[in-house]
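Asks: Got a structure for you, written out below as structure tokens; questions coming shortly.
The values are calculated or read from the model by the stated rules, or taken from the named source; none is laboratory data. All values derive from a computational prediction rather than experimental measurement. With ideal geometry, Cβ positions are generated from the backbone for all residues, glycine too; neighbour counts draw on all protein chains shown. Just so you know, the surface numbers come from the protein's heavy atoms only, side chains and all, with ligands and any DNA or RNA stripped out. Shrake-Rupley method; radii C 1.70, N 1.55, O 1.52, S 1.80 Å.
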Amino acid sequence: MGLRATRAEINLSLFKQNIQIFQNKLGSERKICLAVKGNAYGHGLIPMSHVAQNLVDMLAVATVDEGVQLRESGIICPILLLSIHTREEIPSIVSYHLTPLISHDYFLEDYQYWAYHFQCSLAIHIKVDTGMGRAGFFIEEVLPVIKKIQQCPNLLLEGIATHFAVAGDGLDGQTFTEQQIHLFSQLINSLKSQQINIPYIHAANGAGILHYPSSYFTMGRFGIGAYGYEDYSGLKPVLALKTKISIIKTIKKGNSVSYGCTWKAPNDTQIGILPIGYADGYFRNLSNKGKVLINDTFYSVVGRVCMDQMMIAIPKLPNALGKDVLLYGDHPNLNAHTIAELSGTISYEVLTAIAARVPRKYI
Ligand SMILES: *Cc1c(COP(=O)(O)O)cnc(C)c1O
């Protein structure tokens, strides 16, 4: 494993610097929670979590399996379980000390049963829907669920959170986000006035931390910015997807390249074949559209991107065989964000699409 020409190079010092930028923004008195769901946004769940656990207070995963993998790899910091789980997964949640972020009260008795069974206490965070319109208790449902949790001797109400719908959408999202912050603050103040003091109060995602200081409360949760993709000075893309030119050939004028014959050589053209395709996470809709970088020059993707191979036109590139090719990375015009714009998605999807079969190299 790891000798393929195609690989994702991950720069751990940039990752640490990016995390530091978020900690500086929040201030040292606040806690930070790093999202490592989705295979650490494609960067590799376990290696990234081991680097991060010394820099953050909490890691956040989406699935129970991700949390279990982290524990089995030796991670001991708190792990917040952001997404929905089944009743069958509760024994694992309790025995691996994962912290569920709950949006309904269906499982409180099961949590209590299993926490008692394992003779431990289970920390719980409550999620509040202040406008996201996804999971989360409505504001008026919060106090009743707190009362129920308080009746369970093995459950500990450790946190309360909300999630922003449009914090990364610039001024368009400002009024809406401020309204979400306002509703959440009101709720927190009303709980405090009833002597309900919850240590972890968190609302801000990465965009919230960078743009809304009033959203800080006692902890920030961020993901994409740590991997370098928020529009903020100093943040740098951590991952570079690379390969090498593995075959060169010349396509005669008028002949075509790849499935569907969608590209025809305007002149005799030197072509490079790259051992990467959509099964590695390079989107097929970049066919005849994508650009790659070799040394400091851009070259075009020609013909359809296949499952395991793709072609680039490299007219006049001497000694092309074996040359290193950047698919995207820390480059102002060729990064996961520019790739996302070109293929009609967002950097999150570009990064999480990098397949398991692509070896990750940590540098
Ligand atoms: C993924 C996630 C985050 C991190 O969001 P970014 O936009 O990557 O900073 C924060 N909170 C919740 C609930 C999430 O699911």
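Asks: Could you give the distance between the Cα centres of region 142-207 and region 295-363, to the whole Å?
Replies: Each part reduced to its Cα centre gives a spacing of 40 Å.
Asks: Kindly provide the trypsin sites (Lys or Arg not before Pro) of region 243-326 that DSSP labels as loop, not H, G, I, E or B, and whose Cβ sees at most 14 other Cβ atoms within 10 Å.
Replies: Listed in order of number, the matching sites are 252, 253, 289, 316.
Asks: Determine the per residue accessible area of region 72-187 with all protein chains present and a 1.4 angstrom probe, expressed in square angstrom. Provide the component values of the computation, followed by the final result.
Replies: Values: 5760 Å² over 116 residues.
Per residue, region 72-187 has an accessible area of 50 Å².
Asks: OK, next. Using the Kyte-Doolittle scale, which helices in the chain average at least -1.0 and also have C-alpha atoms spread 27 Å or more along the helix axis, with helices defined as whole DSSP H runs?
Replies: Values: long enough: 174-193 (28 Å, -0.30).
In the chain, the long hydrophobic H runs are 174-193.
Asks: Same structure again: What percentage of the solvent-accessible surface of region 174-252, computed with a 1.4 Å probe over protein heavy atoms, is contributed by carbon and sulfur atoms? Display every interim value, and only then the final one.
Replies: Values: 1730 of 3310 Å².
Heavy-atom surface of region 174-252 belonging to carbon and sulfur, 1.4 Å probe: 52 percent.
Asks: If I model a spin label as a point 7 Å beyond the Cα along the Cα-Cβ vector, how far apart are those points for residue 259 and residue 341 in nm?
Replies: 2.9
Asks: Just how large is the dipole of region 70-119 about the Cα centre, in debye to the nearest 20, putting +1 at every Lys and Arg Cβ and -1 at every Asp and Glu Cβ?
Replies: 160
Asks: How long is the gain from residue 76 to residue 62 if the chain were fully straight, where each residue apart is worth 0.36 nm and the alpha carbon distance is subtracted?
Replies: Computed gain between residue 76 and residue 62 is 3.3 nm.
Asks: Now for a separate question. Could you work out what % of the accessible surface of region 1-73 is carbon and sulfur, using a 1.4 angstrom probe and leaving DNA, RNA and ligands out of the count?
Replies: Carbon with sulfur: 48 percent of the solvent-accessible area.
Asks: Report the label-to-label distance for residue 186 and residue 330 in nanometres (one decimal), using points 7 Å from each Cα along the Cα→Cβ vector.
Replies: Between residue 186 and residue 330, the label points sit 4.5 nm apart.
Asks: A further question follows. What length, rounded to one decimal in nm, is gained on full extension from residue 252 through to residue 231, with 0.36 nm per residue of separation minus their alpha-carbon distance?
Replies: 3.2 nm
Asks: Right, another one. Heavy-atom accessible area per residue, region 285-363, 1.4 Å probe: how many Å²?
Replies: Details: 3810 Å² over 79 residues.
Value for region 285-363: 48 Å² per residue.
Asks: Efficiency by 1/(1 + (r/R0)^6): what FRET value for residue 214 and residue 28, r their Cβ-Cβ distance, R0 = 22 Å, to the nearest 0.05?
Replies: 0.70
Asks: Quick check: pseudo-label points 7 Å beyond the Cα along Cα→Cβ at residue 316 and residue 150, how many nm apart are they?
Replies: 7.6
Asks: Run the numbers on region 1-150 and let me know its relative contact order in percent, using alpha-carbon pairs under 8 Å that are six or more apart.
Replies: Taking the mean separation of contacting Cα pairs over the length of region 1-150, I get 14 percent.
Asks: At R0 = 45 Å, how high is the FRET efficiency between residue 197 and residue 361 if r is their beta carbon distance? Nearest 0.05 is fine.
Replies: On the way: r = 46 Å, r/R0 = 1.02.
That pair, residue 197 with residue 361, gives E of 0.45.
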